[in-house]
1. Give me the one-decimal nm value for the distance between modelled label points at residue 182 and residue 266, 7 Å along each residue's Cα-to-Cβ direction.
2. Can you give me the distance in nm between label points at residue 29 and residue 201, each placed 7 Å from the Cα along the Cα-to-Cβ direction?
3. Nearest-5 percent of antiparallel DSSP beta bridges in the chain?
4. Determine the gain in length on full extension of the stretch residue 99-residue 67; use 0.36 nm per residue of separation and subtract their C-alpha separation, reporting nm with one decimal.
5. Does the stretch 93-230 come out rounded, prolate or oblate by the C-alpha gyration tensor, with a ≥ b ≥ c the root eigenvalues, rounded set by a/c under 1.5 and, if not, prolate when a/b is larger than b/c and oblate if not?
6. Could you calculate the contour length gain from residue 253 to residue 21, that is, 0.36 nm times the residue separation minus the distance between their Cα atoms, to one decimal place in nm?
7. Give or take rounding to whole Å, what are the principal axis extents of the alpha carbon atoms in the stretch 157-241, in descending order?
8. In Å, what Rg and Dmax follow from the Cα atoms of the stretch 160-296?
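Rule-based calculations on the coordinates, nothing more; no lab input. These numbers come from a predicted model, not from an experiment. Heads up, the Cβs are rebuilt from the backbone with ideal geometry, glycines too, and the neighbour counts pull from every protein chain shown.
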């Protein structure tokens, strides 16, 4: 009987024109005059369409305000209610007030910034000597696990690599590069531009690639003379290597290369560099792929 009432009400909604109000209930009550559709129940709820992230992404030109339950978009891969606003899908799940020290859980989607789909829980830390008021993530951008040692060679700990002032990240697991390498040289009179900053794009407003001064301050205030300083600090920086500008091949896995946002001439950029005998801020070709550690 209830199914018949619902079907009749839906037919009435579509046939009676734009000025009709429709009520769906089982007590015969009149619908609210300000609602086009008034659903009333004390035993059941309203259930929007349910679909996976891929199915949701296949919706062509979704309308502003469109709501669906995404069955695999939640923090732990579960369901969450999502709404399409301002050309993006947003979660409607209530989140606790965030403060530094709490993790940032991000679902990265492959595209022109993230090289692959990956969900990452970034730890955060503050009180780092040299920049004590800043909040840093405690693993590399794109890293799905904390490095186990200063010379950890795993892709999961390394995260992704970026060329200077380019927002496209690259994943190299030692044998495969994703996406393909297309830029073999960068010659431009630009430091890292805000519109290309993967920290801001992936983590949100306020997050950024470290400046020259920020890396210089933590290196000097921490007394980092070799790779033990970065590794034993609260940042747990490790030697993730570098991608060669010629073809994106992964090398120098005995050293850490972490971009700053400052250029050194038209073809070079400043970066934090360390290995077993040295830790300093030096410069590198912009076209090489280095790690990124974000802060705000």
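1. Taking the simple label geometry, residue 182 and residue 266 are separated by 2.3 nm.
2. Calculated label separation equals 5.0 nm.
3. Numbers: 38 of 46 bridges.
The antiparallel fraction comes to roughly 85 percent.
4. Working: separation 32, 0.36 × 32 = 11.52 nm, distance 2.90 nm.
Full-extension gain reported as 8.6 nm.
5. Working: a/c = 1.32, a/b = 1.16, b/c = 1.14.
Since a/c stays below 1.5, the shape of the stretch 93-230 is classed as rounded.
6. Values: separation 232, 0.36 × 232 = 83.52 nm, distance 6.72 nm.
Computed gain between residue 253 and residue 21 is 76.8 nm.
7. Taking max minus min along each principal axis of the Cα atoms, the stretch 157-241 gives 38, 31, 27 Å.
8. Cα radius of gyration and Dmax of the stretch 160-296 are 14.0, 39 Å respectively.
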